[in-house]
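Okay, structure first, notes after.
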Amino acid sequence: MKKRSFSDTRPVSESNNPRTLESLLARHYAAQKKYARRYQEADSPREKELAELLYEENRHAYLQAYRQLYGSNPFIEVTEDGR
C-alpha cells in the first residue's frame, strides 16, 4: 500500500463566483426551513435537540455564505442608478 503525502492532496477550492455563492445560500436557506419544520414536528426531546443543533449549524454556514456574497452589511442598499 502506497503512503500518501500531503503533496498528493489538493485543497478544496473556495469559489467566490456569485452564482455559486447564490446557490449555496439558497441551499442553506432551504435546509434552515427543513430543520425548523423538523423541530416543530419532533415527537421526542432528542429529535428536537438534534433538529435545533442542525438548524444552528446550518445558520452559521448560511450567515457565512451571506457575508461572502453581500459583505458584512445586513441590508443591501440600492442607489438610484441601480448599483
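The values are calculated or read from the model by the stated rules, or taken from the named source; none is laboratory data. Just so you know, these numbers come straight off a predicted model, no measurement behind them. Neighbour counts run over all protein chains shown; Cβ positions are idealised from the backbone, glycine included. Surface areas here come from the heavy atoms of the whole protein model, side chains and all, with no ligands, DNA or RNA. Shrake-Rupley method; radii C 1.70, N 1.55, O 1.52, S 1.80 Å.
Solvent exposure of the stretch 18-70, expressed per residue, is 79 Å² of accessible area, with all protein chains present and a 1.4 angstrom probe. Our estimate of slack between residue 52 and residue 26, defined as 0.36 nm per intervening residue step minus the Cα-Cα distance, is 7.4 nm. In terms of its C-alpha gyration tensor, the stretch 18-70 comes out prolate, because a/c is 1.5 or above and the ratio a/b outweighs b/c. Solvent-accessible area assigned to carbon and sulfur over the stretch 18-70 amounts to 49 percent, based on a 1.4 Å probe.
Dipole magnitude for the stretch 18-70: computed about the Cα centre from +1 point charges on Lys and Arg Cβ and -1 point charges on Asp and Glu Cβ, it is near 260 debye.
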